[in-house]
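A.B. asks: Below: one structure in structure tokens.
The values are calculated or read from the model by the stated rules, or taken from the named source; none is laboratory data. Only a predicted model underlies this, so the values are computations on that prediction, with no experimental measurement involved. Cβ: placed from backbone, ideal geometry, glycine included. Neighbour counts: every protein chain shown.
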Amino acid sequence: MIHRIIPTADLVLIHPPSIFDFADRKAFLGPISNVVPSAPIFEMYPIGFSSISEHLSQNGMNVRIVNLAYLMLTRPKMDVRQFLGRIRARAFGISLHWLPHAHGAMELSRMLKEVHPDVPVIFGGYSSTYFHREIISYPYVDFVLRGDSTERAALMLMETVKTGGDFARVPNLTWKDNRRIVVNDLMVVEARLNDFTNSYRTMFRKALKYCALSAMTPIHDWWRYPITMIVTCRGCKKNCSFCGESNFAMKRFLGRREVAFRDPELVAKDITDLSRFTTAPISVVGDLRHASDAYARTVIDRLADARVKNHLVLELFDTAPREYFQRLGRLEHVNFEISPGTHDDDIRKRSGRMYSTHEMEENIAWALENGVEKFDVFFMIGIPGQDESSVMETVDYAGRLMKRFGKRVMPFISPLAPFLDPGSLSFEHPERYGYRLLFRTFRRHLEALEKPSWKYMLNYETKHLTRDDIVRVTYDAGSRLNDLKRETGHIDETTHETVSRRIEENRALLREVDLLVDREGNPKAGAGGKLKKLMKTDVSLTEGIICDNEEIKWPVFTSGFRFIRIGAAVIGDVVRWMAGRR
Ligand code: B12
């Protein structure tokens, strides 16, 4: 299906794998994606693809989404150049949202220019915004659309591409006037999110219209586990020191003065609408209390009235009062996520998260008391102030949490990897925040992604942990947590054994790489051939390493999709559209 000629679209949005030739280096990406639903090539495309696509479609543009990363992951024999060559488009949009996609995005752009020299290539996303001047200087990039909200600017850009107008008038755009780099003002920064949705209905319609179910699939196991997301805000009031969209970062780099929220009634409606089409978990991005307590109350009450049955996954940016959990008791299936980073209050507070471990435990207790079904607690390796023993104490603390609260509380630990995020307080002021930044430019990040293992990709060290330490302690901590999870009955024997085996295999492979390369990860004299061979070792990219994929999941009832309802809604939309045309 994907090899047939695709009819001309105005804009084709393409999501690349983080590393373009990952198949040749797949053994060594390690656990960098272990606590997100993606494989380590980060095949999940930005949710923003759907809102750009929806806004442009509503304004008469023909937009398609192609998840190239997913296609390459699931069809290893695919001829990518031939596939790209058959796409007909007026412009291509490439997601360079997450910096780990630096390599994939640039290689994709280069290949697109080879096969379609006259079609403009547009970059967008947070990392494109941060590095826009460097990115536009590559000969195979024509435009960078900056900001965390590009729907309106993308429409203006596409209108200009179509009609041949003046690019100087397109807001948020970095472009080239002949060879001169021009940076237009970043003027379009939405103050509210009510005009944009990430409507899965539009996505379903597009998928069926273009027979593109597979090209639009968001993650490798989505058909088995079709988790969906609803976005409540853009920007953040908090200042976690390692976040690239913290309050500091949004003001300094994304032109955003205030957080933009979607009205609570609309958030509740998004969730309710979605629950008509899928029985899978719905992850709500952004703490419901981020705007205000009244905001959270409105969402909860509306969802309770609508009797939504899906598992809802909520975030806690901060600890909440008891009444919050009592109100949530009105909902059927609630789950939580919190990211304290460490058990150590001082270290946590220095990283910008102001609640104490005691307050967090109080929250967990109140949540469970009020029927919360799963409470995930995320710890991290690579926070300044942490040394090896502090990390291992965090793991022991995680063990105590599991003993105290039982199976409903699931702790995770993972490295801050591969990169300290650009635009974050720590990236901008590494010394002040206890980091040593090893490289800073876009080009150096792109080159880092060509290194033979995730150790050499890391762009930072902390005052107490070198890159070597971070890697070693990641496997030690993962292994100890795996043991504790078996002891407390959080995982069964088979899972424990599988994870232990993967950790040891991964460790051994990394040791072998280390013998063949120098301190920067470049092959030692005469070791190039051996290294290439080793890098081709066949290791699964879709299985978790320091924990099992199943541990981060929430239940899906029956098949996940309500196909009859999806079909009926799509047919209804088409009939309405045809009636409108007449
Ligand atoms: C929700 C979220 C996730 C979700 C994914 C949601 C998704 N599919 O988009 C999950 C939890 C899976 C996730 C994972 C990761 N995330 Co995340 N995530 C966020 C979060 C909290 C909100 C993002 C959001 O809701 N945006 C709103 C949606 C609607 O807009 P959007 O997708 O950003 O798209 C808009 C613009 O960015 C832009 N745009 C984006 N792409 C393109 C492309 C083109 C061509 C154009 C024109 C425009 C454009 O226009 C869009 C519409 O306006 C942010 C932090 C924050 N507060 O923003 C971190 C954040 C974006 N994530 C971050 C990171 C590092 C990751 C991971 C790499 C972490 C890891 N090692 O596992 C992974 C990568 C996952 C993958 N691709 O497989 C960093 C990115 C920093 C950076 N510059 O690289 C952030 C900023 C947090 C941080 N720690 O600093 N993440």
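A.B. asks: Test of understanding: among Thr217, Thr298, Thr272, which residue is away from the ligand (no atom under 12 Å from the Cβ), within 30 Å of Phe419 (Cβ to Cβ) and hydroxyl-bearing (Ser, Thr, Tyr)?
C.D. replies: Thr217
To keep it simple, each residue is scored yes or no on (1) under 30 Å from Trp222 (Cβ atoms); (2) in contact with a helix residue (DSSP H, G or I) (Cβ under 8 Å, 6 or more places away or on another chain); (3) of a type outside the set (Val, Ile, Thr).
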residue	(1), (2), (3)
Leu515	no, no, yes
Glu520	no, yes, yes
Pro523	no, yes, yes
Leu534	no, yes, yes
Cys547	yes, yes, yes
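A.B. asks: Quick one: would you say Phe42 is assigned by TED's automatic domain parsing to the domain that holds His132, assigned to a loop (DSSP other than H, G, I, E, B) and within 9 Å of the ligand (Cβ to nearest atom)? Break it down stepwise before answering.
C.D. replies: Values: assigned by TED's automatic domain parsing to the domain that holds His132: yes; assigned to a loop (DSSP other than H, G, I, E, B): yes; within 9 Å of the ligand (Cβ to nearest atom): yes.
When the stated conditions are applied, Phe42 passes them.
A.B. asks: Would you be able to tell me the number of residues in the stretch 297-315 that are in contact with a Lys or Arg (Cβ under 6 Å, 6 or more places away or on another chain) and either on the phi > 0 side of the Ramachandran plot or surrounded by fewer than 22 Cβ atoms within 10 Å (Cβ to Cβ) (or both)? Spell out how you get there, then give the answer.
C.D. replies: First, pick out the residues of the stretch 297-315 that are in contact with a Lys or Arg (Cβ under 6 Å, 6 or more places away or on another chain): 300, 304.
If we keep only those that are either on the phi > 0 side of the Ramachandran plot or surrounded by fewer than 22 Cβ atoms within 10 Å (Cβ to Cβ) (or both) too, we end up with 304.
Total meeting the criteria: 1.
A.B. asks: Another question, then. Quick one: in the stretch 133-145, of everything that is more than 9 Å from the ligand (Cβ to nearest atom) and either acidic (Asp, Glu) or within 23 Å of Ser50 (Cβ to Cβ) (or both), which residue is surrounded by the fewest Cβ atoms within 10 Å (Cβ to Cβ)? I'd like the intermediate steps shown before the answer.
C.D. replies: Step one: filter the stretch 133-145 for residues more than 9 Å from the ligand (Cβ to nearest atom), giving 133-142.
If we keep only those that are either acidic (Asp, Glu) or within 23 Å of Ser50 (Cβ to Cβ) (or both) as well, we get 134, 142.
On the way: Glu134: 15, Asp142: 20.
That would be Glu134.
A.B. asks: Can you tell which of Gly371, Gly434, Gly382, Gly352 is over 26 Å from the mean Cα position of the chain (by Cα) and not acidic (Asp, Glu)?
C.D. replies: When all the criteria are applied, what remains is Gly371.
A.B. asks: Here is a list: His55, His101. Which entry is near the ligand (Cβ under 8 Å from one of its atoms) and not polar (S, T, N, Q)? Let's see the steps before the verdict.
C.D. replies: Numbers: His55 fails: near the ligand (Cβ under 8 Å from one of its atoms).
Within the list His55, His101, the selection yields His101.
A.B. asks: OK, next. Consider only pairs whose beta carbons are under 6 Å apart and that are at least six residues apart or on different chains; among these, list those whose first residue lies in the stretch 189-201 and is within 30 Å of Leu213 (Cβ to Cβ) and modelled with pLDDT under 75 and whose second residue is of a type outside the set (Val, Ile, Thr) and not in a loop (DSSP other than H, G, I, E, B).
C.D. replies: Every condition considered, the pairs that remain are Asn198/Ser50; Asn198/Ser51; Ser199/Glu54; Tyr200/Leu274; Arg201/Ala569.
A.B. asks: Hey, another quick one. Do we have Pro411 as part of a loop (DSSP other than H, G, I, E, B) and either of a type in the set (A, V, I, L, M, F, W, C) or surrounded by 20 or more Cβ atoms within 10 Å (Cβ to Cβ) (or both) here?
C.D. replies: no
A.B. asks: Only residues that are surrounded by 21 or more Cβ atoms within 10 Å (Cβ to Cβ) and of a type in the set (Phe, Trp, Tyr): list them for the stretch 213-247, please.
C.D. replies: Phe242
A.B. asks: Picking from Gly423, Gly406, which residue would you name as being touching a Gly at 6+ places or on another chain (Cβ under 8 Å), at pLDDT 95 or above and not basic (Lys, Arg)?
C.D. replies: Going through Gly423, Gly406 in turn, just one is touching a Gly at 6+ places or on another chain (Cβ under 8 Å), at pLDDT 95 or above and not basic (Lys, Arg): Gly423.
A.B. asks: Continuing with the same structure: Scan the stretch 142-184 residue by residue and report those that are hydroxyl-bearing (Ser, Thr, Tyr) and either in contact with a Cys (Cβ under 8 Å, 6 or more places away or on another chain) or not in a helix (DSSP H, G or I) (or both).
C.D. replies: Ser149, Thr150, Thr174, listed by residue number.
A.B. asks: Moving on. Just for helices (runs of 4 or more DSSP H) wholly inside the stretch 275-373: which have at least 2 residues that are touching a Pro at 6+ places or on another chain (Cβ under 6 Å)?
C.D. replies: 293-306
A.B. asks: Please work out which residue is surrounded by the most Cβ atoms within 10 Å (Cβ to Cβ), limiting yourself to the stretch 344-366 and to residues that are more than 20 Å from Lys238 (Cα to Cα) and not β-branched (Val, Ile, Thr).
C.D. replies: In this case the residue turns out to be Trp366.
A.B. asks: Name the pairs: first residue in the stretch 148-172 and in the same structural domain as Ile47 (by TED's automatic domain parsing), second residue near the ligand (Cβ under 9 Å from one of its atoms) and part of a helix (DSSP H, G or I), Cβ to Cβ under 6 Å, at least 6 apart or on different chains?
C.D. replies: That search, which allows pairs on different chains as well, returns Glu151/Ser51; Glu151/Ile52; Glu151/His55; Ala154/Ile52; Val170/Leu157; Pro171/Ala153; Asn172/Ala153.
A.B. asks: Also, quick follow-up: Residues Leu288, Leu254, Leu266: which one is on the phi < 0 side of the Ramachandran plot and near the ligand (Cβ under 10 Å from one of its atoms)?
C.D. replies: Leu254
A.B. asks: Return the residues of the stretch 108-132 that are more than 8 Å from the ligand (Cβ to nearest atom) and of a type outside the set (A, V, I, L, M, F, W, C); say none if nothing qualifies. Break it down into steps so the answer makes sense when it comes.
C.D. replies: First, pick out the residues of the stretch 108-132 that are more than 8 Å from the ligand (Cβ to nearest atom): 108-121, 131-132.
Passing the criteria: Ser109, Arg110, Lys113, Glu114, His116, Pro117, Asp118, Pro120, His132.
A.B. asks: If I filter the stretch 202-252 down to residues being among the charged types (D, E, K, R) and at pLDDT below 95, which single residue comes out as nearest to Val66 (Cα to Cα)? Give the derivation first.
C.D. replies: Just the residues of the stretch 202-252 that are among the charged types (D, E, K, R), to begin with: 205-206, 209, 221, 224, 234, 237-238, 245, 251-252.
With the extra rule that they be at pLDDT below 95, the set shrinks to 205-206, 209, 221, 224.
Working: Arg205: 15, Lys206: 11, Lys209: 14, Asp221: 17, Arg224: 20 Å.
Selected residue: Lys206.
A.B. asks: State which residue pairs qualify: first residue outside the structural domain of Ala89 (by TED's automatic domain parsing) and inside the stretch 111-140, second residue charged (D, E, K, R) in any location, beta carbons under 8 Å apart, and separation of 6 or more residues or different chains.
C.D. replies: none
A.B. asks: Can you name the number of the only condition in (1) free of Cβ contacts under 8 Å to residues at least 40 places away in the same chain; (2) assigned to a loop (DSSP other than H, G, I, E, B); (3) not hydrophobic (A, V, I, L, M, F, W, C) that Glu520 fails?
C.D. replies: If we test Glu520 against (1) free of Cβ contacts under 8 Å to residues at least 40 places away in the same chain; (2) assigned to a loop (DSSP other than H, G, I, E, B); (3) not hydrophobic (A, V, I, L, M, F, W, C), just (1) comes out false.
A.B. asks: For the stretch 414-432, how many residues meet the condition of being over 22 Å from Gly30 (Cα atoms) and either small (Gly, Ala, Ser) or in a loop (DSSP other than H, G, I, E, B) (or both)?
C.D. replies: Within the stretch 414-432, residues that are over 22 Å from Gly30 (Cα atoms) and either small (Gly, Ala, Ser) or in a loop (DSSP other than H, G, I, E, B) (or both) number 7.
A.B. asks: Exactly one condition in (1) among the hydrophobic types (A, V, I, L, M, F, W, C); (2) buried (at least 23 other Cβ atoms within 10 Å of the Cβ); (3) part of a loop (DSSP other than H, G, I, E, B) is false for Val267; which is it?
C.D. replies: It fails just one condition, (3).
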